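Read through the structure below, which is laid out as structure tokens, and then see the notes.
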Amino acid sequence: MVDLSDLPISPGVYIFRNSADEVIYIGKAINLRSRVRSYWHEKNWKERPKLAVLVPQINRFETIITKNEKEALILEANLVYEHQPKYNVLLKDNNRSFPWIAITYGEPFPRLIPVREVKWLKRKYPLAKMFGPYTDIGAMYKTLAVCRELFPLRKRVTPHFRDRPCLNYHIGQCLGPCQGLVSEEEYDELLKQVEMFLAGKHQALVEQLQIKMEEASQELYFERAAKYRDQIKLLMRTLESQRIVTDDPDCERDIIGYAFNETDFCVQIFKMREGKLVGRESYLAELNEVQTLGESLESVVEQAYLLRQPENIPPEILLQNQIDGLSLELSEYKIEGKNLSERFETMLSTIAGRNVKTYFPKRGEKKEQIELASYNAKQELESKEKQKAKSVLALSALQKALDLPVLPNKIDCFDISHLQGTEVVASCVRFQSSQPDKSKYRKFKIAVDQNNDFLAMKEAVFRRYYRSRHNKEVDLPDLIVIDGGKGQLSSALEALRDLGHEDDVEMISLAKKEEEIFRLDGTRIELPKNAPALQLLQRVRDEAHRFAVTFNRQRREKSSKRSLVDEIPGVGSVIKEKIMKRFTVKELLEAPPQELNQKLGIGAKRADKLWQSIRAINPNVEVEPDEM
């Protein structure tokens, strides 16, 4: 029996667990006592029958008290992301982070960087400002490219040369702060322009640049005026590609439209700044059997806005008030005394730290904007449905073609990559329901004979599933695809046999030349080139090949950049940086211990040890320690 007697009257988060002690639902509340107790009120079960599914499964619960509702919002989002509870609305992209563009405030001359891991950013740059999230990574990189063309901010973390500017300065992509060629005041002004651009205040930025251009021209600084002119031209080109959706140049609002089917829920957020549509965010979530449509919408919107900077939340939000005749502005839908509209205003105002108004327009221009957003949401859902249907068709065809006992929902594919036996690596990619599941991708540095693809394949397969032998992280796929012929397939089978899984997983190989499929019993299968089953296998194989080749290229690039300092044992990053600043290669090879100690400040004993290490790597150097 769940004990409800000792609940605090405070804001916070509550966590429901089942009999197996699994987290099944996480929620937040302004008043934990009234919110948690409401789940066991029978009248609430009549209004929301879906609670009858959740409550009987609750074996125990725990609460975490927070100072205010905003802290509860943030804590709830973090816990939902970590535990992935069954009955919370989870964004389908929760297995990865949406990308952001960040300005790294807190370091000298901040940079503009793309980032996915928000926790890493906050840890390394606590004062950083984020803009996003970008649900379309292509749009994010396009925005970043335009920003870098418009605003020549510093790009390098540490310049390679201290005695002259880097190449970025000479091609006009950096102002040369490492050489003191730009003042902090000028740089800060450029950062403010970047913020205006990323916040969508393009027209205000153009007007500001025009004023600066005229001032520079009047003061006869024609080169500076020409730079402002070029910036204005590029900005105007950017503005021309945007669709004007209102005649009000001061209009700042987000337009939220949504659509749903039996399993999925899609939310589209159109961002309007200065009367222009400057961006769009799209979120897809799965509907569950506990939360109502209104609660699902609230959860998705909360996750969409939670990590935004307060200044990136507009003062006005437009919401669609119905979907296919189903009204969301229901008077009977109340939680803690607030209807849906009031809860949206409270939630968004809490995140923004100021008043945010929400509206459910029923006519006029605002209604048309809502219809545009909801139409896009509906189109995305239909597109996902078509992709899902194609996926099921391809998987069914593959099951039939290979005579598999189960539908191959989980497919792993292995590939080996090297360049004439150097930097041998292997990749393993996972496709779930015919879509890449990048959280399950793995890459391996191969330790066996550098010219033996068969042994390399055996090592990769063995290492990928080694944990399963000890019942740790048992995650065997329905089908394993080996990039290669019979030899690679036999090697992979040996690895599975060593692990005791030769009878647990179906496995085939796909040879590139003739696209021949080989089974473990030696039979060969040929499929028509336009067969959906073969096209799926080719897509999986090509992704494994891409992943392996990329890793091999990274390894070779890293190897090619290794210097003499990298070969010296016991030299850390700090001493390495000092050596590169104060010695050329020739000077380092010829320097006696006294000079090493003098320039590096590492002490006589460490300097002597460093000198001996350099001599061991380069025994032909004729300089002796006592010559100076």
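The values are calculated or read from the model by the stated rules, or taken from the named source; none is laboratory data. These numbers come from a predicted model, not from an experiment. Note: ideal-geometry Cβ built from the backbone for every residue, glycine included; neighbour counts use all protein chains shown. Surface accessibility is based on the protein's heavy atoms, side chains included, excluding ligands, DNA and RNA. Shrake-Rupley method; radii C 1.70, N 1.55, O 1.52, S 1.80 Å.
Some points to look at:
- K410 vs. criteria loosely packed, with under 15 Cβ neighbours inside 10 Å and either modelled with pLDDT of 90 or more or under 22 Å from the mean Cα position of the chain (by Cα) (or both): no
- Scan of the stretch 309-320 for residues that are touching a helix residue (DSSP H, G or I) at 6+ places or on another chain (Cβ under 7 Å), part of a loop (DSSP other than H, G, I, E, B) and either hydroxyl-bearing (S, T, Y) or closer than 26 Å to K119 by Cβ (or both), ordered by number: I313
- Single residue of the stretch 135-152 satisfying the filter (within 22 Å of E184 (Cα to Cα) and in contact (Cβ under 8 Å) with a residue 40 or more places away in the chain) that is most open to solvent (accessible area, probe 1.4 Å): E149
- Within this structure, T350 fails the test of being touching a strand residue (DSSP E or B) at 6+ places or on another chain (Cβ under 8 Å), farther than 30 Å from T550 by Cα, β-branched (V, I, T) and open to solvent by less than 40 Å² (accessible area, probe 1.4 Å).
- Test: residue in the stretch 543-565 that is over 24 Å from E423 (Cα atoms) and modelled with pLDDT of 90 or more: no
This table checks each residue for (1) in contact (Cβ under 8 Å) with a residue 40 or more places away in the chain; (2) within 26 Å of R467 (Cβ to Cβ); (3) surrounded by fewer than 19 Cβ atoms within 10 Å (Cβ to Cβ).
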| site | (1), (2), (3) |
| --- | --- |
| D498 | no, yes, yes |
| E506 | yes, yes, no |
| A511 | no, no, yes |
| T523 | no, no, yes |
| A533 | yes, no, no |
| R541 | yes, yes, no |
| T550 | no, yes, yes |
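- R469 satisfies every condition listed in (1) modelled with pLDDT under 85; (2) not in a helix (DSSP H, G or I) except (2).
- Residue that is nearest to V89 (Cα to Cα) [pool: residues in the stretch 262-272 that are open to solvent by 20 Å² or more (accessible area, probe 1.4 Å) and under 25 Å from the mean Cα position of the chain (by Cα)]: T263
- The requirement of being of a type outside the set (A, V, I, L, M) and open to solvent by less than 40 Å² (accessible area, probe 1.4 Å) is fulfilled somewhere in the stretch 44-55, by at least one residue.
Per-residue answers, yes or no, for (1) part of a loop (DSSP other than H, G, I, E, B); (2) out of contact with any Leu (no Cβ under 6 Å at 6 or more places or on another chain); (3) crowded, with 19+ Cβ neighbours inside 10 Å:
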site: K122; (1), (2), (3): no, yes, no
site: M130; (1), (2), (3): no, yes, yes
site: P133; (1), (2), (3): yes, yes, yes
site: Y169; (1), (2), (3): no, yes, yes
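- Test: residue in the stretch 219-241 that is within 28 Å of Y39 (Cα to Cα) and at pLDDT 75 or above: no
Each row is one residue, and each column tells you yes or no for (1) more than 20 Å from V300 (Cβ to Cβ); (2) not in a strand (DSSP E or B).
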{"position": "D21", "(1), (2)": "yes, yes"}
{"position": "Y25", "(1), (2)": "no, no"}
{"position": "R37", "(1), (2)": "yes, yes"}
{"position": "K43", "(1), (2)": "yes, yes"}
{"position": "P56", "(1), (2)": "yes, yes"}
{"position": "T63", "(1), (2)": "yes, no"}
{"position": "A72", "(1), (2)": "no, yes"}
{"position": "L75", "(1), (2)": "no, yes"}
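- Of all residues in the stretch 262-294, those being without any contact (Cβ under 8 Å) to a residue 60 or more places away in the chain and more than 18 Å from A199 (Cα to Cα) number 4.
- Whenever a residue of the stretch 48-74 is closer than 17 Å to L306 by Cα and of a type in the set (G, A, S), its partners that are open to solvent by less than 40 Å² (accessible area, probe 1.4 Å) and in a loop (DSSP other than H, G, I, E, B), lying with C-beta atoms within less than 7 angstrom and at least six residues away or across chains, give the pairs A72/P11; A72/T66.
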